[in-house]
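The values are calculated or read from the model by the stated rules, or taken from the named source; none is laboratory data. Just so it is clear, the structure is predicted and the values come from calculations on it, not from any experiment. Please note: Cβ atoms are built from the backbone with ideal geometry, for glycine as well, and neighbour counts cover all protein chains shown. Each accessible area value is taken on the protein alone, full model and side chains, heavy atoms only, with ligands, DNA and RNA left out. Shrake-Rupley method; radii C 1.70, N 1.55, O 1.52, S 1.80 Å.
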Amino acid sequence: MLGLYLNLLISSFAAIALVSGVSFFIQEKDSGYIRYYILFFGITTFLICQGYALTGLNPCLEYGFILRLIALYGIDAFLLLEFAFILLEIKTKSTLRMVLIGFFTLFLIFDLVIFGRPGVVSFTRYEYHTAFETIGRRSRIFHYTYITAITVSLISLASKWLNSKKAKRDKHFVLEIIIANFFILFSAIPDIFKNAFTFKYPTFGYSVAFAFVYFSLWLSTRQHISFSPTIKHVSEEIFYSIDVPILIFDFEGKINLYNPCAKEKIQIEEEKTPAAGEKNWQHTTGYQIPAGKNGTISSPLTLRSLFTLTDVEMLHLLSKMKNGNDEIIRTKIKSSGEECRLSCTVTYDNIDEPYCIIGRIISLDVENKAE
């Protein structure tokens with residue numbers, strides 16, 4: 001039964017790797033070529049784990065070499081991708097980079113042909129899973145020569161990459177990649193020096209090692225790009241630091257988000273975070289809005305609660321917004337009685353439909369001085 005559970009476990013690793021790679025690619029659109037590498041790392045990790053899981057679950061021994069070949073391709077391609085990624089990061093000259101990648105690609109093809117052919121391994125079926133043992137000594141030596149050569153190259157290049165970095169966060173990112181890659185070498189040791197566990201469950205060590213490397217790389221990259229000067233990160237910093245009151249609201253006039261300048265300008269009062277046992281809170285992307293015991297907002301912020309807008313003015317404004325038209329209205333801030341203009345701009349989603357409204361509060365004093 002242990003073999004069944006172990007194969008189901010690495011199958012779950014495969015699913016998580018694929019989903020996380022695709023989600024990174026979709027969500028991190030500003031990360032450039034990194035998003036493509038993470039996607040392909042996720043796909044190759046999926047091939048490794050799922051290929052080995054299916055090899056272990058497959059009862060038809062004559063077709064086992066096909067499933068094993070899928071996992072073998074995943075291993076070789078993962079290492080080659082990582083090699084190409086580091087070459088790109090250390091800014092290797094394009095000619096040298098293509099030569100090195102071409103060399104290891106040729107090595108990969110030979111490895112798949114030599115170590116992936118049917119007669120290299122012997123399959124054994126147990127009650128709940130299938131195991132295999134390498135019987136081709138020369139094929140095995142060739143495979144581990146490829147694994148060792150490219151992994152040592154990876155660690156050497158990553159060490160050079162580490163020394164080229166000045167920022168501490170960059171050094172931490174590279175160091176995490178180096179440490180993670182040592183797991184690939186360590187995972188090969190039990191396979192070289194056979195024992196009872198690796199003989200009966202030969203796919204588990206490699207699958208866990210590559211899954212660990214991928215997830216370490218995914219987490220490190222996610223943390224690393226959070227400090228990259230992308231539009232997403234810079235615009236967020238501008239939103240919170242700009243000296244312009246900004247409100248984000250929906251097409252019913254409910255405030256979803258506001259920046260510190262708007263909080264001060266409109267004099268929005270916030271309750272303190274409740275202690276355990278007190279009423280719950282709802283969280284927005286920016287500031288917290290107090291919620292009642294059932295989780296609903298007890299006193300939601302709306303345009304009507306902040307400005308002296310009539311029902312007719314609200315209906316007219318929101319109607320124009322729903323049709324995609326920008327609008328500027330003159331009103332007063334309720335808390336201070338100050339006259340201002342509320343400049344409203346419709347924001348569109350990825351299918352070109354309006355999904356929220358950005359409102360800028362322009363003081364008439366500032367407007368008059370500008371004139």
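Counting heavy atoms of the protein chains alone, H143 has an accessible area of about 0 Å² for a 1.4 Å probe.
Between T105 and R125, residue separation times 0.36 nm minus the direct Cα-Cα distance comes to 3.8 nm. In this simple spin-label model, placing a label point 7 Å from the Cα along the Cα-to-Cβ direction at both I328 and V113 gives a separation of 7.1 nm.
Extending 7 Å from Cα along the Cβ direction at I358 and again at S164 yields two label points whose distance is 3.6 nm. Rolling a 1.4 angstrom probe over segment 1-105 with all protein chains present gives an accessible area of which 75% lies on carbon and sulfur atoms. Spin-label pair D311-R222: with each label point 7 Å from Cα along the Cα-Cβ axis, the two points sit 4.8 nm from one another. Of the cross-linked pairs K29/K171; K263/K334; K265/K332, those separated by over 18 Å at the C-alpha level are K29/K171. Remark: segment 304-349 carries 55 Å² of accessible area per residue (probe radius 1.4 Å; ligands, DNA and RNA excluded).
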